[in-house]
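Take a look at the structure below.
Derivation of every value follows stated rules applied to the coordinates shown; laboratory data play no part. Because the structure is a prediction, the values reported are computed rather than measured. Quick reminder, even Gly has a Cβ in these numbers, built from the backbone with ideal geometry, and neighbours come from all protein chains shown.
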Amino acid sequence: MSTIPIPSLPVGDIEIKPPIDLIPDEYPRDGNGNFYVEAFFSNNDQSAVGLLNCLEELKFSVIRTASDTQLFEPQWITRVQKSVNDKEYDGILLLFAKIDLQVVEMKEIWGQFTSKHCPKLKNKPKVFIFQLESRKGRSLQSDSTARELKWLAGYETPSEADMLIIYHKYDDGKADLLRQLSANVKDYGEQENIITLISLGFQCNYQPLRISTMTRNFYFKLHLYRGSHLNIRKSQAWTKSEIEKMKSQLAKKSEERKGEAQQKGLWDIVREGLWRKRSVPTTPGEQASSSRHN
């Protein structure tokens with residue numbers, strides 16, 4: 001979606017600036033097809049499959065790299081890095097769903113997509129989602145007041161702008177980031193940006209850990225309006241739809257009344273014709289009787 005410049009309105013010596021939610025603050029893109037998405041996941045991970053299906057419905061070009069072993073393979077990153085350097089993409093999203101990353105530090109993954117290594121991604125959104133399993137000596141804990149990440153390889157905050165790194169601990173039967181994110185994108189993808197969508201629906205002690213240097217908003221669903229203006233537009237659309245339904249129902253009832261009136265008129269004509277038919281002598285006896293009465 002191309003950004004639309006909103007001009008200021010000069011009034012004498014006073015410049016009236018547009019409302020803040022009308023100022024274009026999204027990463028520009030004309031569609032989702034040119035946004036690089038690749039997922040590394042297990043073949044039997046239905047939550048990951050559900051999220052990928054959701055993104056494909058939104059016209060993202062999703063590359064699925066399924067792994068039976070769930071072990072990280074360094075050549076994955078080399079291949080992705082080459083792909084984003086060979087073409088001009090609008091951004092990148094890499095998902096690691098329950099993939100064992102013990103052989104590599106996570107910063108070695110997202111660190112390969114800074115402007116130094118991928119100059120074509122400069123000033124573009126770079127999103128990395130790590131869904132970690134709480135086993136093998138690693139643990140991810142967070143709550144509403146403190147966030148702590150303990151990891152054998154450790155992590156660092158990126159010094160590069162326009163990066164969003166999401167960590168979430170997966171506990172079977174409890175919180176599943178991918179399932180919840182998929183539902184949030186379907187329900188609120190036009191209204192809320194990715195940082196808000198990541199948090200919706202999670203209790204405090206299961207909130208994902210987010211490290212962001214994003215300089216603009218990233219939305220999964222393209223729309224001309226956001227925030228309060230989107231609410232107003234949706235409300236107007238709903239009102240218009242209800243008015244059209246009422247018009248349609250009134251027109252239908254009007255046609256039904258016309259039909260009933262026409263049908264009644266036809267019956268009146270038929271009854272009048274039957275009465276006249278009965279009043280006119282048709283047999284010689286009836287004609288003779290009618291002549292004597294006259």
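Over 12 Å, how big is the tail of the calculated P(r) for segment 33-81, in percent of all Cα pairs?
Tail of P(r) above 12 Å: 64 percent of Cα pairs.
Just to verify a number: FRET efficiency for Asp30 and Asp86, C-beta to C-beta distance, R0 = 25 Å, to 0.05?
Calculated transfer efficiency: 0.80.
One quarter of the convex hull surface, Cα atoms only: what value does that give for segment 33-115 in nm²?
Convex hull of Cα atoms, orientation-averaged projection: 5.4 nm².
Just flag the trypsin sites (Lys or Arg not before Pro) in segment 34-84 sitting in loop per DSSP whose Cβ has no more than 16 other Cβ atoms within 10 Å.
Lys59
Give me the extension gain from Ala66 to Thr215: residue separation times 0.36 nm, minus the current Cα-Cα distance, reported in nm with one decimal.
50.4 nm
Once you have the Cα-Cα distance between Glu160 and Asn43, take 0.36 nm times their residue separation minus that, and quote the gain in nm to one decimal.
38.8 nm
Suppose each label sits 7 Å from its Cα in the direction of the beta carbon; what would the Gln75-Val104 distance come out to in nanometres?
1.3 nm
Each label point is 7 Å from the Cα along the Cα-to-Cβ direction; what then is the distance between the points at Ile243 and Glu56, in nm?
With each label placed 7 Å out from Cα toward Cβ, I get 4.1 nm.
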